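Reviewing the structure listed below.
The values are calculated or read from the model by the stated rules, or taken from the named source; none is laboratory data. Model, not experiment: these values are computed from the prediction. No Cβ is skipped: glycine too gets one built from the backbone with ideal geometry, and neighbour counts run over all protein chains shown. Ligands, DNA and RNA are excluded from the accessible area calculation, which covers all protein heavy atoms including side chains. Shrake-Rupley method; radii C 1.70, N 1.55, O 1.52, S 1.80 Å.
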Amino acid sequence: LAPGLQRPGSKRKRLHRMLKKAEAAKARLKHLEASDAAAEAWRAAAHKAGGGKALDDPGKLRKALGRMDKAKAKSARDWSTRGESVKKQQAERQQKRSDNLDQRKKGPRLP
């Protein structure tokens, strides 16, 4: 892809697809003969040496999904605490306003 263009689908869905594909490839490699497995390993090494990303490690893909889940949970926590603080500030401003209106009703201040 050209720089700046997004891939279709969410990153989470892409990671799930890549994880399934990597697990299937790993299971397939177990059943291959030694020569076929070696050829697959060489193909992956050549891809990495050419600057390509290695998206074939299920452990790393699971960790990436876990990091995304943690980040999402943290963001949700932060957002909820922000909502609480906004409500508190709003109540304080409303209280101050009502206090000021009560003082105004009582009459002008005398020096």
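Things worth noting here:
- Candidates Leu61, Leu32, Leu101: whichever shows maximal mean-square fluctuation once the chain is modelled as a Gaussian network with Cα springs under 10 Å: Leu101
- For the chain, the longest principal axis of the Cα atoms and the long axis of helix 58-106 meet at an angle of about 10 degrees.
- Dipole of the chain, positive end: most advanced residue of Leu19, Ala73, Ala49 [Cβ charges, Cα centre]: Ala73
- Taking trypsin sites (Lys or Arg not before Pro) as exposed when their DSSP state is a loop state and no more than 15 other Cβ atoms lie within 10 Å, the longest site-free interval of the chain runs over 54-108.
- Note on the chain: with charges restricted to the Cβ of Lys and Arg (+1) and Asp and Glu (-1), its dipole about the Cα centre is near 720 debye.
- Computed from the C-beta positions of His47 and Gln90 and an R0 of 35 Å, the FRET efficiency is 0.05 to the nearest 0.05.
- Helix 11-31 vs. the chain, principal-axis angle (Cα, 0 to 90°, nearest 10): 20
- In the context of the full set of protein chains, the chain has a per residue accessible area of 92 Å² (1.4 Å probe).
- Sequence-distant lysines (8 or more away, or on other chains) whose Cα lies within less than 24 Å of Lys87: Lys72, Lys74, Lys96
- Within-12-Å neighbourhood charge of Lys30 [Cβ basis; K, R +1; D, E -1]: -2
- Each stretch of four or more DSSP H residues adds -39500 (n - 2.57); spread over every residue of the chain, this sum gives -28000 deg cm²/dmol at 222 nm.
- Debye equation applied to the C-alpha atoms of the chain, log10 I(q)/I(0) at 0.12, 0.17, 0.20 Å⁻¹: -0.69, -1.00, -1.15
- Share of carbon and sulfur in the accessible heavy-atom surface of the chain [1.4 Å probe, %]: 56
- Pairs of Cα atoms nearer than 8 Å and 6+ residues apart set the relative contact order; for the chain it is 29 percent.
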